[in-house]
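Colleague: Below is a structure I'd like to ask you about.
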Amino acid sequence: MEKKTVLSGIQPSGILTLGNYVGALRNWSLLQQDDRFCYYCVANLHAITVKQDAEALNRRTLEAAALLLACGIDPKRSALFIQSHVKEHTELAWVLNCGTYIGELNRMTQFKDKSQRHADNINAGLFTYPVLMAADILLYQASYIPVGKDQKQHVELARDIAIRFNKNYGDAFIVPEPIIPKLGGKIMSLTDPTKKMSKSDPNPNSYIAITDEPSVILKKFKRAVTDSEGIIAYDPERPGVTNLLSIYCTFTGKTPEEAVAEFAGQGYGKLKTAVADAVIAELEPIQNEYKRLLDEKTYLKSVLDDGAAQARSTARKTVDDVLRRVGLDATVM
Ligand code: AQP
């Protein structure tokens with residue numbers, strides 16, 4: 001049976017959040033099936049597109065890897081690795097940079113958003129981030145890319161880059177498809193529900209960290225911004241309560257209609273406590289496993305070394321093929 005490839009990554013740019021979990025990590029784990037092989041990386045090269053403290057970046061990178069294992073990434077079914085351990089990512093990114101138009105990168109909404117948030121550091125890496133992401137994907141000939149809604153535009157650009165390269169140089173790449181959850185593809189900030197929940201948000205009350213203690217999770221949900229109407233409705237015009245209902249549904253498997261009927265006429269307090277209970281029930285076992293894994297340094301190192309070796313072997317084949325197609329292998333015969 002020919003296995004299809006799944007690829008995704010997560011930046012260690014903060015403590016991983018409930019948004020990362022619902023939008024991506026849960027799907028990463030579910031996609032590990034017999035007819036697929038998965039490559040999952042901690043995308044530390046992407047993280048330095050915004051300023052990072054070196055020591056904190058190193059620590060968060062390893063913590064993120066342990067958290068991915070705790071969330072169900074199985075090293076027998078997936079290669080779990082650190083992006084900077086596989087040099088082919090940057091090597092392919094250079095070639096793809098030369099086949100990507102400035103106009104395409106100018107259209108990326110994440111660049112516009114992050115340029116505003118980091119106005120003192122609008123660097124070239126922030127601008128070309130989507131090209132590195134295309135390299136991450138195309139290196140492994142990935143068919144499926146499980147991501148949240150915010151990354152859809154970047155996966156679409158990776159598709160365009162692959163199609164263009166294949167047209168110019170022959171079929172070097174599989175053209176990937178994003179996999180985005182129908183519900184929970186964009187979990188919103190708890191302090192401003194018109195904004196995406198983000199791990200690099202300076203206000204810790206805006207996000208639930210996967211590692212937050214149960215009492216902290218309850219407190220953050222209780223403080224979540226809603227509105228003054230007190231009516232339970234799943235309605236984009238009411239982003240606060242709609243966000244809480246979406247989270248409740250993704251953790252209970254209920255539909256928005258069922259959730260609205262369950263809490264109708266009861267104000268927001270009951271819904272907030274029920275959301276917190278559902279989230280805590282799923283996150284607590286992950287947190288316990290995460291704490292255990294943090295002490296298993298030898299195991300973590302061996303998983304990451306094996307994952308990088310496996311990733312490198314696939315990635316090298318793609319890069320060698322690309323260099324040959326583009327005329328960059330320059331071997332003296
Ligand atoms: N709020 C969210 N809802 C659903 N999915 C989300 N993702 C991120 N935020 C949400 C998905 O998580 C995966 C990993 O994200 P990333 O590390 O690549 O960075 P990001 O998309 O820029 O996410 P953050 O948390 O907002 O990071 P910072 O603050 O560093 O920019 C992706 O699949 C993403 O879609």
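The values are calculated or read from the model by the stated rules, or taken from the named source; none is laboratory data. Just so it is clear, the structure is predicted and the values come from calculations on it, not from any experiment. Positions of Cβ are generated from backbone atoms using ideal geometry, with glycine treated the same way; all protein chains shown enter the neighbour counts. Each accessible area value is taken on the protein alone, full model and side chains, heavy atoms only, with ligands, DNA and RNA left out. Shrake-Rupley method; radii C 1.70, N 1.55, O 1.52, S 1.80 Å.
Colleague: Going by average Cβ neighbours within 10 Å, how do the peptides 266-273, 91-98 rank, with the highest at the top?
Modeller: Packing proxy ranking, top to bottom: 91-98, 266-273.
Colleague: Give me the distance between the Cα centres of the range 134-152 and the range 210-281, rounded to whole Å.
Modeller: 31
Colleague: Separate question: May I ask which residue of LEU57, SER78, MET333 lies farthest towards the positive end of the charge dipole of the chain, with charges of +1 (Lys, Arg) and -1 (Asp, Glu) on Cβ and the Cα centre as origin?
Modeller: Positive-end residue among those listed: MET333.
Colleague: Given 0.36 nm per residue, what is the gain on full extension from LYS297 to MET1 after removing their alpha carbon distance, in nm?
Modeller: Extending this stretch completely gives an extra 103.0 nm.
Colleague: Apply 1/(1 + (r/R0)^6) to the Cβ-Cβ distance of LEU323 and LEU183, taking R0 = 45 Å, and write down the FRET efficiency to the nearest 0.05.
Modeller: Using R0 = 45 Å, I get an efficiency of 0.60.
Colleague: Sticking with this structure for a sec: List the relative contact order of the range 90-223 as a percent without decimals, with contacts defined as Cα pairs under 8 Å and 6+ residues apart.
Modeller: The value is 19 percent.
Colleague: Could I ask something else about it? Let me see the P(r) profile for the range 195-290: every Cα-Cα distance counted, bins of 5 Å, each bin given as a percent of all pairs.
Modeller: Bin by bin from 0 Å, the calculated values are 2, 14, 24, 25, 20, 11, 4, 1, 0.
Colleague: Using a 1.4 angstrom probe, figure out how much accessible area the range 184-270 has per residue, in square angstrom, rounded to the nearest whole.
Modeller: 47
Colleague: Ok, one more. Within the range 8-51, which trypsin sites (Lys or Arg not before Pro) sit in a loop by DSSP and count at most 13 neighbouring Cβ atoms inside 10 Å?
Modeller: For trypsin sites (Lys or Arg not before Pro) across the range 8-51 that sit outside H, G, I, E and B with at most 13 neighbouring Cβ atoms in 10 Å, the list reads LYS51.
Colleague: Next question. What is the ratio of the Cα radius of gyration of the range 167-245 to 2.2 N^0.38 Å, with N the residue count, to two decimals?
Modeller: 1.54
Colleague: Ignoring any ligand, DNA or RNA, what whole percent of the accessible area of the chain comes from carbon and sulfur when the probe is 1.4 angstrom?
Modeller: 53
Colleague: Which value, in Å³ per residue, describes the convex hull spanned by the Cα atoms of the range 105-191?
Modeller: Hull volume over Cα atoms, normalised by residue count, gives 105 Å³.
Colleague: Helix-only mean residue ellipticity at 222 nm, the chain, DSSP H runs n ≥ 4 weighted -39,500 (n - 2.57), per residue, nearest 500. What is it?
Modeller: That calculation yields -16500 deg cm²/dmol at 222 nm.
Colleague: Then there's this: Amide H of MET188: which non-local residues (sequence gap of 5 or more, or other chain) have their own amide H closer than 5 Å, using H built in the peptide plane?
Modeller: MET197
Colleague: Translational diffusion coefficient, Stokes-Einstein: compute it for the chain using the Kirkwood radius over C-alpha pairs as Rh, at 10 °C and 1.306 mPa s, and state it as an integer in µm² s⁻¹.
Modeller: Result for D is 76 µm²/s.
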